[in-house]
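A short reminder: the numbers here are calculations on the coordinates, not readings from a lab. Small disclaimer: the values here were computed from a predicted structure and weren't measured. Every residue, glycine as well, gets a Cβ built from its backbone with ideal geometry; the counts of neighbours run over all protein chains shown.
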Amino acid sequence: MNEPAAATAAGTSGARFERAFLLLAGGDDVRLCKDIPDSACREQPGNFFRHLLAALGNKLADEIASARLVLPWLLAQLGAGGAAVGWLVPIREAGTLVPQLLVAAWLRRLALRKYAWAFGGLTQALAAAGMAVVALAGDGPVGVASVLGLLLLLALGRGFSSIATKDVMGKTIAKSRRGTLMGWSDSVASVLALVIGLTLPLLGERPERGLLAALLLLAAGGWLLNALCALTMREEPGATEGAVNAGAALLEGLQLLRADPAFVRFNLSRGLLLGSALSLPYLVVLAHEHSDADLAGLGVLIVASNLGVFLSSPFWGRWADRSSRHVMAAAGALAGLTTAVALASDALPATLAGSLWYYGALYGVLAAAHAGIQLGRKTWVVDLGGPKRALYVAMSNTLAGVLMLAAGALTGLIARFWGHHGALLLLTAMALAGAVSTLWLKDAE
């Protein structure tokens, strides 16, 4: 191909690429960038699709290796008791969130934060691969302890990726398109996970642990894809002169709380909305009791969860670009109402309340609500902007991790004395209170 023809082909390809970007991201101008530099704006269409593919790998892996769904099934196969299962979500969430001030202090030393993102993705991939080995060869207390230990490693890697991804997104994607990007990534990943859920009941009498190992290896591949996409990101070098040590980072984070009342209110609301995440395993337990613990039951929950996320995420994403606090309020109210319905199940006819499909439907709605809460609060904190974005994200996540441990311990204690209904009652109240409290926030600028 001669040079003019090559240039024409490249221009046509670039035009198609930009049209695809505008189709997904909305608007009529690729160069509409109010809060990122011109150099980053020129790379925005390509970076949008790199973010989308990376998020696709991450979301798919998160769904497959979920501490709220698949890992409880694995621990049950290994002979774990209720206490071990109850620690899955707190370990995953707190292990990710609590160290983030330390991670942020280290991250600010890097001019290019995509390398920290890639490191986190690779760590998660290795941890998931280790869980696959345990699924095949582990058993008893040693196997259970191995899964929990690998989950902690996975959570630490997730923490690196979480804070670095948000910082890189803030540097490469304009504010008006971040919520839409996250909404599309949630939706596409849910379609793939939906296919997996539909396939599980068709696999007949094959060994369950072998299939769980295969799912975990697929999750490892998703995180490896995430890491590779991070390395290809076109990121402009950022300032490093603000780097501090861990002690100074903690002090600076506390100063943020004293100086920014809106940030304090946001974190209080986020803490209350953690009820949506903690409610999900209790619905899994209820569904497990009505599924004969077979793969069809797991498949129904995967389908329900991802169908709910797939249908709701583009809606949440577009709404979050207009008002992220309203998304958090609506999704929190939906979560609270869903768990309230679960609490009232005993009053329903036995044919309905004892049906796996009934709990699958509740799980799907709750998963959709949780996705809205996550997307709304991520958009809010990324939209804060400025050179302290990484510190804001890290401080918020550290507080959320501490609150997750406290809420997990409290709900576990209540469940011990008053059963699942007592725990769900507390979590329902938390979600509804969180929904109301977000209405007092202002949209981040």
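Would you kindly derive the ³J(HN,Hα) couplings of segment 356-368 from the backbone phi angles with the Karplus curve 6.51 cos²θ - 1.76 cosθ + 1.60 (θ = phi - 60°), listing them in order in whole Hz, with x for Gly and Pro?
Whole-Hz 3J(HN,Hα) from phi for segment 356-368: 4, 5, 5, 6, x, 5, 4, 5, x, 5, 5, 5, 5.
Ordered by residue, what ³J(HN,Hα) values in Hz, to whole numbers, does segment 131-138 give under the Karplus form 6.51 cos²θ - 1.76 cosθ + 1.60, where θ = phi - 60° and Gly and Pro are x?
Going residue by residue, I get 5, 4, 5, 5, 4, 7, 10, x Hz, with x marking Gly and Pro.
What FRET efficiency comes out for the pair residue 417/residue 265, r = Cβ-Cβ distance, R0 = 30 Å, nearest 0.05?
On the way: r = 32 Å, r/R0 = 1.08.
For residue 417 and residue 265, the calculated efficiency is 0.40.
At residue 440 and residue 119, where each label point lies 7 Å from the Cα along Cα→Cβ, what is the point-to-point distance in nanometres?
A separation of 3.9 nm, rounded to one decimal place.
Taking amide hydrogens as modeled 1.01 Å from N in the peptide plane, which residues meet the under 5 Å criterion relative to residue 174, leaving out close sequence neighbours?
none
Using a simple spin-label model with points 7 Å from Cα along the Cα→Cβ vector, what separation in nm is obtained for residue 199 and residue 145?
Modelled inter-label distance: 3.5 nm.
In whole angstrom, how long is each semi-axis of the equivalent ellipsoid of segment 60-136, when you take the square root of 5 times every eigenvalue of its Cα gyration tensor and sort them from largest down?
29, 15, 9
Give the long-range amide H neighbours of residue 66: residues separated by 5 or more places, or on another chain, with amide H under 5 Å away, using H modelled in the peptide plane at 1.01 Å from N.
Here 71 satisfy the definition.
How many percent of Cα pairs in segment 121-232 exceed 20 Å? List each step's numbers first, then the result.
On the way: 3284 of 6216 pairs.
Beyond 20 Å sits 53 percent of the P(r) for segment 121-232.
Using a simple spin-label model with points 7 Å from Cα along the Cα→Cβ vector, what separation in nm is obtained for residue 111 and residue 255?
Here the answer is 2.6 nm between the modelled labels.
What order, most packed first, do the peptides 254-266, 368-380, 421-433 have when packing is the mean number of other Cβ atoms within 10 Å of each residue? Write down the numbers at each step before the final one.
Values: 254-266: 14.5, 368-380: 26.8, 421-433: 20.8.
Those peptides, ordered most packed to least, come out 368-380, 421-433, 254-266.
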